[in-house]
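Here the structure comes first, spelled out in structure tokens, and everything after it is commentary.
The values are calculated or read from the model by the stated rules, or taken from the named source; none is laboratory data. Remember, predicted model here, so these are calculated numbers, not experimental data. So basically every Cβ, Gly included, is an ideal-geometry build from the backbone, and we count neighbours across all protein chains shown. Remember, those area values only see protein heavy atoms, side chains included, never the ligands or the DNA or RNA. Shrake-Rupley method; radii C 1.70, N 1.55, O 1.52, S 1.80 Å.
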Amino acid sequence: MRDTQFFRRWMAATAAAVEREAARLTELDSPIGDADHGSNLLRGFTAVESALTSDPPTSPGALLQVAGRTLISTVGGASGPLYGTLLRRAGKELGDSTEVSDEQLRAALRTGVDAVAQLGGAAPGDKTMLDALGPGVAALATSYRAAADAAEHGALATVPMQARKGRASYLGERSIGHQDPGATSSALLLGALADAAEGDA
């Protein structure tokens with residue numbers, strides 16, 4: 001079972017990963033976006049860390065909802081609403097339980113991913129964060145590390161795709177050959193989840 005402290009470690013690991021990779025995320029965003037993905041997420045997850053420290057939630061679901069609301073209010077562009085929706089919907093799905101099973105977490109994240117797809121109107125293969133989140137969450141049935149690896153593979157697989165949604169879609173064929181920054185940051189999120197899980201082992 002996973003308690004609130006596990007989710008706290010997940011968000012802390014995500015914030016650390018975003019800080020470490022912020023420059024690379026912005027570099028990936030430069031040719032096909034607004035060149036601000038790394039800086040936006042860094043601001044957002046720094047704010048998440050502050051919010052969780054100043055008023056610690058008492059359940060996993062509440063923690064994810066606070067993180068989601070904070071991202072929506074602090075991250076510019078599409079990333080804030082999309083990441084915020086992912087975490088808020090997952091948190092809502094978990095309810096008020098003080099401990100959740102790995103199976104419950106997987107189901108909650110699946111609900112969150114579906115909500116992201118609905119909000120963005122995107123599908124797998126559109127060169128978006130769904131190309132990492134979808135296979136990553138599906139692979140949670142195997143293990144947390146398998147999920148991280150599947151998400152990383154999914155992010156790399158966006159390179160030959162032509163973007164059909166988001167800012168990059170305006171470039172048409174010129175979006176081909178670039179790795180999607182949203183898929184890349186999504187892989188960081190699931191990599192941080194695996195790190196938190198392995199820290200519990």
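Considering (1) touching a Leu at 6+ places or on another chain (Cβ under 8 Å); (2) free of Cβ contacts under 8 Å to residues at least 12 places away in the same chain, the lone condition that Asp149 does not fulfil carries the number (1). For region 1-10, a residue qualifies if it is open to solvent by less than 20 Å² (accessible area, probe 1.4 Å) and over 13 Å from Gly91 (Cα atoms), and the qualifying residues are Phe6, Trp10.
Quick grid of which residues meet (1) of a type outside the set (A, V, I, L, M); (2) over 25 Å from Arg106 (Cβ atoms):
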{"position": "Phe7", "(1), (2)": "yes, no"}
{"position": "Asn40", "(1), (2)": "yes, yes"}
{"position": "Val48", "(1), (2)": "no, no"}
{"position": "Leu71", "(1), (2)": "no, no"}
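Does region 76-88 include one or more residues that are part of a helix (DSSP H, G or I), under 21 Å from Val137 (Cβ atoms) and open to solvent by 80 Å² or more (accessible area, probe 1.4 Å)? Let's see the steps before the verdict.
So in region 76-88, the residues part of a helix (DSSP H, G or I) come out as 79-88.
Of the ones still in play, those that are also under 21 Å from Val137 (Cβ atoms) are 79-88.
If we keep only those that are open to solvent by 80 Å² or more (accessible area, probe 1.4 Å) as well, we get 88.
Taking every residue of region 76-88 in turn, at least one turns out to be part of a helix (DSSP H, G or I), under 21 Å from Val137 (Cβ atoms) and open to solvent by 80 Å² or more (accessible area, probe 1.4 Å).
Scanning region 47-65 for residues that are open to solvent by 30 Å² or more (accessible area, probe 1.4 Å) and aliphatic (A, V, I, L, M) turns up just one, Ala62. Put simply, of His153, His178 the only residue that is part of a helix (DSSP H, G or I) and open to solvent by 50 Å² or more (accessible area, probe 1.4 Å) is His153.
Kindly indicate the residue of region 109-120 that is under 12 Å from Leu64 (Cβ atoms) and touching a residue at least 24 places away in the same chain (Cβ under 8 Å) and also surrounded by the fewest Cβ atoms within 10 Å (Cβ to Cβ) among those meeting that condition. Give the derivation first.
Going residue by residue through region 109-120, those that are under 12 Å from Leu64 (Cβ atoms) are 109, 111-112.
Applying the additional criterion that residues be touching a residue at least 24 places away in the same chain (Cβ under 8 Å) yields 109, 112.
Details: Leu109: 26, Gly112: 24.
Out of the qualifying residues, it is Gly112.
For the condition in contact with a His (Cβ under 9 Å, 6 or more places away or on another chain), of a type outside the set (Phe, Trp, Tyr), farther than 23 Å from Arg69 by Cβ and modelled with pLDDT under 95, what is the one hit in Ala123, Ala168? Let's see the steps before the verdict.
Values: Ala123 fails: in contact with a His (Cβ under 9 Å, 6 or more places away or on another chain).
Residue meeting the stated conditions: Ala168.
Restricted to region 89-100, and to residues there that are in contact with a strand residue (DSSP E or B) (Cβ under 7 Å, 6 or more places away or on another chain) and not charged (D, E, K, R), the residue that is surrounded by the fewest Cβ atoms within 10 Å (Cβ to Cβ) is Thr98.
The set of residues in region 94-111 that are closer than 15 Å to Thr4 by Cα, acidic (Asp, Glu) and assigned to a helix (DSSP H, G or I) contains only Asp102. Here Glu103 passes the criteria (1) open to solvent by 40 Å² or more (accessible area, probe 1.4 Å); (2) in contact with a helix residue (DSSP H, G or I) (Cβ under 7 Å, 6 or more places away or on another chain); (3) farther than 14 Å from Gly182 by Cβ except the one numbered (2). Check whether at least one residue in region 27-46 is touching a residue at least 40 places away in the same chain (Cβ under 8 Å), within 26 Å of Ala146 (Cα to Cα) and open to solvent by 30 Å² or more (accessible area, probe 1.4 Å), and report yes or no. Checked region 27-46: at least one residue is touching a residue at least 40 places away in the same chain (Cβ under 8 Å), within 26 Å of Ala146 (Cα to Cα) and open to solvent by 30 Å² or more (accessible area, probe 1.4 Å).
Residue by residue through region 121-136, note down the ones that are buried (at least 24 other Cβ atoms within 10 Å of the Cβ) and in a helix (DSSP H, G or I). Let's see the steps before the verdict.
Initial filter on region 121-136 (buried (at least 24 other Cβ atoms within 10 Å of the Cβ)): 127-134, 136.
Across region 121-136, the qualifying residues are Leu130, Asp131, Ala132, Leu133, Gly134, Gly136.
For Ala139, which of the numbered conditions (1) over 24 Å from Gly80 (Cβ atoms); (2) crowded, with 21+ Cβ neighbours inside 10 Å; (3) touching a His at 6+ places or on another chain (Cβ under 8 Å) fails to hold? Exception for Ala139: condition (3).
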